[in-house]
């Protein structure tokens, strides 16, 4: 039985004193070495403890592009995905819609902004790569196939006059990227994720890493190409041995389908914000997960999330209402 139909039965059952076994809500995340997976685990714990009649299940995926498809098809109930990917899918632009290889997914809705993803351009000290231009002619991972990291990498490179023809392209997950840098089989790798990311932390313990900075002009070019990006600076203590490093970041959206009942979306949103300390204990990126940040979403909010935000006094702009 579909989770949403199950929810209706659970509500009805509560009125008549009937009991059903808990129904699982699937949470699409990313690779185990990234941030989506542990954060999704925190969401699952909140569902287990505070959303009556439901338990949470964390799914390992290839992240953003795959996750929006899972939500749209109903294969997952909740998912984390980069704002640029969600916006493109919702509007049917880029890889989505008539001009791309993927369909428009206009049934996507946002619960909240979870945290900002920082774009890491990772290399090793002594590689000679000190700017984006230095990637030309090198072996570079642009992220796993179909991932939000690759979407971000393409935007950043193209906005600054660099294409895949300019270097040897590898498509590796964050764990594979860290291993390849450690083994010397690539020269640099892109990763879009929360700070700190476990795989990068581990690499920094065994090798002296460096993060490639973006100049002010390069940051401006990226934001002009995709306004969902924001300036982001890695602090010197983010990873062992790095200096303050300017880059860009993209908000991560916690999404659901418009088919999710308002009552369920409301129950989850309320449980999430009222018990967010549990997620923060798992990963510090959740310090950014506050109700006020939800209204900065580039994609409409779920009606259930709107209900909770308005209940606690947050004004939701009309542009985020579609249902």
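The values are calculated or read from the model by the stated rules, or taken from the named source; none is laboratory data. None of these values were measured; they are calculated from a predicted model. No Cβ is skipped: glycine too gets one built from the backbone with ideal geometry, and neighbour counts run over all protein chains shown.
A few comments on the model shown:
- Only one of the numbered conditions (1) in contact with a strand residue (DSSP E or B) (Cβ under 9 Å, 6 or more places away or on another chain); (2) at pLDDT below 95 is violated by residue 137, and that is (2).
- Scan of the stretch 262-271 for residues that are crowded, with 24+ Cβ neighbours inside 10 Å and out of contact with any helix residue (DSSP H, G or I) (no Cβ under 6 Å at 6 or more places or on another chain), ordered by number: 268
- Matching entry among 175, 158 (being under 22 Å from residue 36 (Cα atoms) and in contact (Cβ under 8 Å) with a residue 60 or more places away in the chain): 175
- Applying the criterion of being assigned to a loop (DSSP other than H, G, I, E, B) and touching a helix residue (DSSP H, G or I) at 6+ places or on another chain (Cβ under 7 Å) to the residues of the stretch 126-136, the residue that is nearest to residue 169 (Cα to Cα) is 136.
- Odd one out for residue 224 among (1) out of contact with any helix residue (DSSP H, G or I) (no Cβ under 8 Å at 6 or more places or on another chain); (2) not in a strand (DSSP E or B): (1)
- Subset of the stretch 224-246 that is in contact with a strand residue (DSSP E or B) (Cβ under 7 Å, 6 or more places away or on another chain) and within 19 Å of residue 85 (Cα to Cα) - its residue that is surrounded by the most Cβ atoms within 10 Å (Cβ to Cβ): 229
- The strands (runs of 3 or more DSSP E) found wholly in the stretch 20-119 and carrying at least 1 residues that are in contact with a helix residue (DSSP H, G or I) (Cβ under 9 Å, 6 or more places away or on another chain) and surrounded by fewer than 18 Cβ atoms within 10 Å (Cβ to Cβ) occupy 23-28, 54-59.
Residue by residue, here is whether (1) assigned by TED's automatic domain parsing to the domain that holds residue 81; (2) at pLDDT below 95; (3) outside any helix (DSSP H, G or I); (4) touching a helix residue (DSSP H, G or I) at 6+ places or on another chain (Cβ under 9 Å) holds:
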position: 233; (1), (2), (3), (4): no, yes, yes, no
position: 242; (1), (2), (3), (4): no, no, yes, yes
position: 273; (1), (2), (3), (4): yes, no, no, yes
position: 279; (1), (2), (3), (4): yes, no, no, yes
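- Those residues of the stretch 127-153 which are surrounded by fewer than 20 Cβ atoms within 10 Å (Cβ to Cβ), under 26 Å from residue 201 (Cβ atoms) and free of Cβ contacts under 8 Å to residues at least 40 places away in the same chain, in sequence order: 128
- The residue that is farthest from residue 38 (Cα to Cα), counting only those in the stretch 272-289 that are touching a strand residue (DSSP E or B) at 6+ places or on another chain (Cβ under 6 Å) and buried (at least 18 other Cβ atoms within 10 Å of the Cβ), is 289.
- Residue match in the stretch 251-261 (condition: in a strand (DSSP E or B), surrounded by fewer than 21 Cβ atoms within 10 Å (Cβ to Cβ) and in contact with a strand residue (DSSP E or B) (Cβ under 6 Å, 6 or more places away or on another chain)): no
- Hits in the stretch 180-195 (condition: more than 12 Å from residue 122 (Cβ to Cβ) and surrounded by fewer than 19 Cβ atoms within 10 Å (Cβ to Cβ)): 183, 184, 185
- Test: residue in the stretch 290-302 that is within 17 Å of the chain's Cα centre (by Cα), free of Cβ contacts under 8 Å to residues at least 60 places away in the same chain, farther than 21 Å from residue 71 by Cβ and surrounded by fewer than 15 Cβ atoms within 10 Å (Cβ to Cβ): yes
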